[in-house]
Amino acid sequence: MSPVAGVMTIPDYMSPVQIVEHVQRLESLGYKYVWMPDIFGREIYVTAGYILAHTTRIGVASAIAHVYGRDYIASAQAARTLSEFSGGRFIQGLGVSNPLASQIRGIPWENPVQKIREYVTAIRDYTPMNTPFNGPPVKIFVAAHGPKMLAVAAEVADGANTYMQTPEHTAQARKILGPDKALNVLLPCCLSTDPIAAREAGRRAISIYLPLPAYQNQWASQGFTQADWSDNGSDRLVDTYVAWGNLETILARMQEHIDAGATEIEIAAASATPEIAGSEWELLEAVAPNRL
């Protein structure tokens, strides 16, 4: 049985036809979820609706929709509508992202822990005015790495999403969340035994996070220094947070997280040969629920 439940997909880099083909292929391989990040291209909830309309079984998760992009009413309306129209296949992942998300909108950056607690609580408590529609319940997961944010996820959400973390972190997260909350671990992976190509793929996967203070603080707490996240990231940093190697090696890394307390593994497939279109499918096919 595959330990992988879902796949991180970035629709902004695909045409509408390619999005549908990609997700329908994931659905045919038995994946439970497709995850989508909230960046600055397509609107995440609209895109989720498009995918849900072109699929029948796979769940669609915002991973994550950042809280500075919409007020809590807009987020509640979007999630409940998508859940209703899809028969409960939408999952709402929320997070604070980073200060850029607020700055580009001219919104003051707030204390992240307080912000996410108030935002998720407000969504849970929201009742529409002057309409019979309230929508079905929607599972909410909070992007959380630090102990305070994990504690908030345990308090107000159905669980937590973590990204680019160690099995030791997963074990600590499970202790904070307790036994009854979900812990979804997103793991960058590259199916390649060539250390140069695999590490380059890993660097491409983590490059956007290298300048972010939140990740730097997390890495520092795990024994890394500025030298590790400077100059495109050290080999040690890449090897710690990106699972690469043959299939058995990658599956073993996933199992370490499961043994440490992860509920599910979601993967971000990094290709060692990005110049070959669709080369990431070798990994996606290999670890698919219908194949293992």
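Tabulated data
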| read-out | value |
| --- | --- |
| Range in the chain, longest, excluding exposed chymotrypsin sites (Phe, Trp or Tyr not before Pro) [loop by DSSP; at most 13 other beta-carbon atoms within 10 Å] | 134-292 |
| Label-point separation in nm, Ala220 to Ala53, each point 7 Å along Cα→Cβ | 4.7 nm |
| Mean separation of Cα contacts under 8 Å (6+ apart) over length of the chain, as relative contact order % | 20 percent |
| Spatially proximal lysines relative to Lys32 (Cα-Cα < 16 Å; intrachain offsets below 8 disregarded) | Lys139 |
| Charge dipole magnitude, Cβ of K and R +1, D and E -1 - the chain, Cα centre, debye nearest 20 | 680 debye |
| Potential lengthening between Thr127 and Ile73 on full extension [0.36 nm per residue; Cα-Cα distance subtracted] | 18.5 nm |
| Where labels lie 7 Å past Cα in the beta-carbon direction, separation of Glu43 and Ile10 in nm | 2.3 nm |
| Alpha-carbon spread of region 9-88, three principal axes, descending order, Å | 35, 27, 17 |
| Within a Gaussian network of the chain (alpha carbon springs, distance under 10 Å), most fluctuating of Gln172, Gln222, Gln92 | Gln222 |
| Estimated dipole of region 172-235 in Debye, rounded to 20 [Cβ of Lys and Arg +1, of Asp and Glu -1, Cα centre] | 300 debye |
| GNM flexibility winner over the chain from Ala154, Ala144, Ala122 (Cα, springs under 10 Å) | Ala122 |
| Cα shape, region 116-216, gyration tensor, a/c 1.5 rule | prolate |
| Electrostatic dipole magnitude of region 231-272 [Cβ: Lys, Arg +1; Asp, Glu -1; Cα centre; debye, to 20] | 40 debye |
| Relative contact order (percent, whole number), region 1-108, Cα cutoff 8 Å, 6+ residue spacing | 24 percent |
| Where the Cα pairs of the chain fall when distances are cut into 5 Å bins, in % | 1, 5, 12, 16, 19, 19, 15, 8, 3, 1, 0, 0, 0 |
| Per-pair calculated FRET efficiency, R0 = 35 Å: Gln18 and Glu155 via Cβ, rounded to 0.05 | 0.35 |
| Within region 72-97, backbone nitrogen closer than 13 Å to the virtual label 7 Å beyond the Cα of Glu118 toward Cβ | 72 |
| Relative contact order, percent, region 70-223 [alpha-carbon distance under 8 Å, six or more residues apart] | 19 percent |
| Dipole of region 188-283 [Lys/Arg +1, Asp/Glu -1 at C-beta], most positive-end residue of Ser207, Ala227, Trp281 | Ala227 |
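Taken together, the values in this text are just the output of simple stated rules run on the coordinates, not laboratory data. None of these values were measured; they are calculated from a predicted model. Ideal geometry is used to build each Cβ from the backbone, glycine not excepted, and the neighbour counts take in all protein chains shown.
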